[in-house]
Amino acid sequence: MGQSNDNTAVVQDAQPGFAVTLTGKLPLPLPDYLDNGEAFPIDVQDFSQAIGTLLESTLAGSDDVLPHLSVRAMQALTPVTAGLTHKQRAYDDYFDVERVQGGSNITLLSMVPVLGGLATELHAGSSLTVGDTERLMDGLQALLETLNDTSSDAGCSLQRDADGSLLGDIA
Amino acid sequence: MTLDDAMRRWLSGHHVFFVLIQGIVINHQRLLKALQQQDIASARRAFLRAARLLDGSAAAMLLAGDMPRDCYESIRLSMTPPAVPEGFSGVWSVDHRVMMDDLKALKSHIDTLDPLLEPERQAWKAAMDRAYQAHAHVCEHFVGDGPSLAMRSESRSCQRSALENLDAFRQRALALVSGRTATAGTDTASEELEQC
């Protein structure tokens, strides 16, 4: 286990658009710890809505509609290097990925910058077919359903700030 | 498209791919648990979600490689020494490693699968095939029948082209999910692939 790393600290006030700023690499959990039932108190319906909006705007050819998704008050993430081979670390480094402590809650957190990056690419224009785009979004929807099951299994309760923003808190 | 645009797309597409692969891993682990417990409903859900995630991952890979060929050549160079260690390959992904380990763990259960789950298994297998074909499509678009990154490393014994390498991975994965019709020799193929 490493120490807290400022590069993956996530602290951002809610604001329009993708409000989470991951200043650095994409945090991902080690796959061995994915289905450990850790709860992450976040409303996946907002993610679903963001995915739906992104799909609709992309298929409509719109370039001015980005999904609204806000997550705030994330704590710093703890990098993990133990258990990774030299080659696995090199692979992660190349793709700007940092393994951090946690389970599928981290995957859910990572969906915020991932969706932001995806929105940028789709609105910049791509040669994906409508079918490809729909399959991409359906895959992300299936991921949300999967992660939602994890939260449900853990008895997670949803939390929402007074102003309606999602409240995520990674211990 | 500038090279910066291309690299951003390459990374963003892979980031989408990575979270989807993690979802696949979760569903494969749930599938294993469900099959061990003979929980048909949970197994059916895991099969179908994994299939949707696999199809999503195929599309993510298409997006990652959606750029002019001249841009990809620069990206390809970024995946060769001295930028990265020799033999850089998708096999180095820890998520891919766990996914393959889970498929091996699933194999005996897939071989003796309840016939009620056969339609879901077939959908899952077909999606896995499409995921590997998407990889091959991107590879073929940019590399043709050229060498894989690992093959470029002179210290390696692998003599497969990039496409041949991908097809070998595809065959290995499909053998693991094909149930009773799977051919023998998966372990041997795995050892050979470790060299590529």
Item to complete: Please state which one of A:G155, A:G139, A:G131, A:G164 is closer than 28 Å to B:R45 by Cβ and at pLDDT below 80.
Response: A:G155
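Rundown of residues vs (1) more than 8 Å from chain A (Cβ to nearest Cβ); (2) buried (at least 24 other Cβ atoms within 10 Å of the Cβ); (3) over 17 Å from A:L136 (Cα atoms), yes/no style:
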position: B:V19; (1), (2), (3): no, yes, no
position: B:A46; (1), (2), (3): yes, yes, yes
position: B:R49; (1), (2), (3): no, yes, no
position: B:A59; (1), (2), (3): no, yes, no
position: B:P82; (1), (2), (3): yes, no, yes
Discussion item. Which numbered condition in (1) of a type in the set (V, I, T); (2) over 25 Å from A:K87 (Cβ atoms); (3) surrounded by fewer than 19 Cβ atoms within 10 Å (Cβ to Cβ); (4) modelled with pLDDT of 70 or more is the only one that B:T183 fails?
Written reply: (4)
Practice prompt. For the stretch B:83-107, name all the residues that are within 15 Å of A:L30 (Cα to Cα) and of a type outside the set (A, V, I, L, M, F, W, C).
Written response: B:S93, B:D95, B:H96, B:R97, B:D101, B:D102
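Pick from B:S57, B:S74, B:S12, B:S42: which is in a helix (DSSP H, G or I), over 25 Å from A:V114 (Cα atoms) and not hydrophobic (A, V, I, L, M, F, W, C)? Walk me through how you get there before you give the answer.
Numbers: B:S57 fails: over 25 Å from A:V114 (Cα atoms); B:S74 fails: over 25 Å from A:V114 (Cα atoms); B:S12 fails: over 25 Å from A:V114 (Cα atoms).
The conditions single out B:S42.
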Response to the item:
Within the stretch B:87-121, residues under 17 Å from the mean Cα position of the chain (by Cα), over 30 Å from B:D70 (Cβ atoms) and without any contact (Cβ under 8 Å) to a residue 40 or more places away in the chain come out as B:V94, B:R97, B:D101
Practice prompt. Scan the stretch A:59-77 and give yes if some residue there is in a helix (DSSP H, G or I), over 24 Å from B:D102 (Cβ atoms) and at pLDDT below 75, otherwise no.
Written response: yes
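The values are calculated or read from the model by the stated rules, or taken from the named source; none is laboratory data. All figures in this text were calculated on a predicted structure; none of them were measured in a lab. Methodologically, a virtual Cβ is constructed for each residue, glycine included, from the backbone with ideal geometry; neighbour enumeration extends over all protein chains shown.
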